[in-house]
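The values are calculated or read from the model by the stated rules, or taken from the named source; none is laboratory data. All figures in this text were calculated on a predicted structure; none of them were measured in a lab. Please note: Cβ atoms are built from the backbone with ideal geometry, for glycine as well, and neighbour counts cover all protein chains shown.
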Amino acid sequence: MRFVMVLGMVAVGTGCAHAPSAVGEGGPGQASAVQRLTKEAEQAYKALDFDGCARAFRASAEVDTDVGARAESYYRSAGCASLAGHADAAVEVLKRAVQGGYFDADHLQYNPELVSLHSLAAWEGIVAEARANLAKAPEAPFPVPTLAGLDAFGSRKADREGVRQVLGFEVGKPIVFSGALVSLKEALLRERYGLSFVRLGMTLFFAEERKGTAFVVADMVDAEDASRLRFLPAPKGHPPDPEGLVARWLEYEQRLFQLQMQGKLDDASSCRIAHCLGGFGHPDLASFEPEFIAKVPRNLDALTAVLGDDADADRRGAAAFLLAYAPTAEETVRRLVPCIRDGSDGVRNSVLRVLTATQEAAKLPMVDVATVVDAVSLPTTMDRNKAVYLLSYLLEDLAPEVLKAQRAGLIRQLGETLVAMSALQQPINRDPAVKVLKQLSGEEYESAEEWRAWLARQPRTTG
């Protein structure tokens, strides 16, 4: 299966909607200063230190000779200053951003970090200047999506309407996702409902009939269900990167998503293995896969060490994707399964994604059923959708007598979860759940109400 290309968590300010770049006059010293200040700004933003991120983004802009990046940094500084309550300072740097060529007028207009500026006299002029920049831009920015659905999952205490009231989101309206404001809302939900875990994620659809839409899910874990948060210890090692493969994969990923955001990636682009993140059909990507095919088989142990031991989650995730190029599917599965419960949701997503594609391509069961059942209980949307798709492909490959023997136990273990998933608005969680329910039941129901009634009719046994 080619998973629908989505971006799982979208934060404000990453759109790179600015004027063409004038690169390079400052030399390596200037570039180093920009990188240092930008990193400092991002860390402050993540820590909700809005004064600190406003200062650091502004300082980065003031030393950056790249025209476009400078406008972007001023824009980020404005968001931080607004969140810090400094409206006048936010307006000042926002004016610098649009004067420097910032052109994503829709992002600016719908950015929740800038709401406090909307009533100020300068606001309409700033938006108008951004729209004038857009008219002269060489290419359009990635469009602001429309919120198509909002779900709450995993808690017996918090329902969809309660979550919606906390978030303030409106289905059918444009949405810009602010990482900082989301962190504050997560803390509010955690306190209000006594949750052990809450994660707000937005899924963007880049392709197919849902292109331009977004779905937000509040994934929650009640305190009494904290066993769902059982993860592997955080790795602390720094194993070597064999033949630079991890760095090359990360380079591929970065370029792939740039092309996707620019609308330049061919949806039909393919890979030469079972798992395909986005293909290699674009000329900028063509050189990567032959290198992976040639080098991964002789570096399996080293890549497995990165996956299991590296302190950097991005490197672990890259290693998981590279292990899809192992000589056999059995080898890929053997090396990935121990890391299904990695503490990083990004790494778990990579591991489960490769396992799912591997099982889909197989003719025999590749993963133990109990392992997959356990994965379904993982806490995030991206965990669940991969785990349930994996289960659906696994059930297809079980011998009929084996499936019959496991049916009652699977319904008992997963029935409530699958029926709850069938009620979700987000298709990448609802669709695989309905598919598995059909496989286990032999029925062809579609609505959550029908599945709930079916589940109520099933024998309730223990053991």
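Before moving on, here are some points about what is shown:
- Criterion: without any contact (Cβ under 8 Å) to a residue 24 or more places away in the chain, within 19 Å of Lys404 (Cα to Cα) and either surrounded by fewer than 17 Cβ atoms within 10 Å (Cβ to Cβ) or touching a helix residue (DSSP H, G or I) at 6+ places or on another chain (Cβ under 6 Å) (or both) - qualifying residue of Glu443, Glu449: Glu443
- Answer residue from segment 341-357, given it is of a type outside the set (D, E, K, R) and under 14 Å from Pro235 (Cα atoms) and is surrounded by the fewest Cβ atoms within 10 Å (Cβ to Cβ) among those: Gly343
- The residues on offer are Asp374, Asp383, and the sole one that is under 22 Å from Asp222 (Cα atoms), charged (D, E, K, R) and crowded, with 18+ Cβ neighbours inside 10 Å is Asp383.
- Filter result for the condition that a residue is free of Cβ contacts under 8 Å to residues at least 12 places away in the same chain and farther than 16 Å from Thr358 by Cα, over Asp301, Asp342: Asp301
- Residue in segment 358-370 that is surrounded by the most Cβ atoms within 10 Å (Cβ to Cβ), counting only those that are part of a helix (DSSP H, G or I) and in contact with a Leu (Cβ under 9 Å, 6 or more places away or on another chain): Gln359
- Members of segment 285-323 that are surrounded by fewer than 15 Cβ atoms within 10 Å (Cβ to Cβ) and either at pLDDT below 95 or of a type outside the set (D, E, K, R) (or both): Ala286, Ser287, Pro290, Ile293, Ala294, Pro297, Ala311
- Residue identified as at pLDDT 95 or above and either surrounded by 17 or more Cβ atoms within 10 Å (Cβ to Cβ) or within 27 Å of Glu139 (Cα to Cα) (or both) among Ala47, Ala31, Ala90, Ala121: Ala90
- The set of residues in segment 401-446 that are of a type outside the set (A, V, I, L, M) and closer than 23 Å to Phe205 by Cα comprises Ser422, Gln425, Gln426, Pro427, Asn429, Arg430, Asp431, Pro432, Lys435, Glu446.
- Filter result (surrounded by fewer than 24 Cβ atoms within 10 Å (Cβ to Cβ) and closer than 21 Å to Gln43 by Cβ) within segment 67-82: Ala69
- Within segment 136-187, the set of residues being in contact with a strand residue (DSSP E or B) (Cβ under 7 Å, 6 or more places away or on another chain) and polar (S, T, N, Q) comprises Thr146, Ser155.
- Residue in segment 193-203 that is touching a residue at least 60 places away in the same chain (Cβ under 8 Å) and either in the same structural domain as Leu94 (by TED's automatic domain parsing) or in a loop (DSSP other than H, G, I, E, B) (or both) present: no
- A Cβ distance below 8 Å, combined with a sequence gap of six or more or placement on separate chains, defines the contacts here; from segment 378-405, residues that are over 12 Å from Arg353 (Cα atoms) reach residues that are charged (D, E, K, R) and not in a helix (DSSP H, G or I) in the pairs Leu378/Arg341; Pro379/Arg199; Pro379/Asp219; Thr380/Arg199; Thr380/Asp219; Thr381/Asp219; Asp397/Lys363.
- With a requirement of 2 or more residues that are within 18 Å of the chain's Cα centre (by Cα), within 30 Å of Phe142 (Cα to Cα) and basic (Lys, Arg), the helices (runs of 4 or more DSSP H) lying completely within segment 240-352 that satisfy it span 313-322.
- Any hit, segment 421-437, residues being polar (S, T, N, Q) and in a helix (DSSP H, G or I): yes
- Scanning segment 67-103 for residues that are farther than 22 Å from Ala33 by Cα, small (Gly, Ala, Ser) and assigned to a helix (DSSP H, G or I) returns Ser82, Ala87, Ala89, Ala90.
- When the residues of segment 226-264 are filtered to those that are in contact with a strand residue (DSSP E or B) (Cβ under 7 Å, 6 or more places away or on another chain) and surrounded by 12 or more Cβ atoms within 10 Å (Cβ to Cβ), the one that is farthest from Val163 (Cα to Cα) is Pro239.
- Single unsatisfied condition, Ser227 versus (1) over 30 Å from Ser422 (Cα atoms); (2) not in a loop (DSSP other than H, G, I, E, B): (1)
- Here Leu418 does not fit the description of being of a type in the set (A, V, I, L, M, F, W, C), outside the structural domain of Asp312 (by TED's automatic domain parsing), over 22 Å from Gly149 (Cα atoms) and crowded, with 17+ Cβ neighbours inside 10 Å.
- Among the residues listed as Ala121, Ala132, Ala152, the single one being over 26 Å from Phe50 (Cβ atoms) and either touching a Ser or Thr at 6+ places or on another chain (Cβ under 8 Å) or in the same structural domain as Asp88 (by TED's automatic domain parsing) (or both): Ala132
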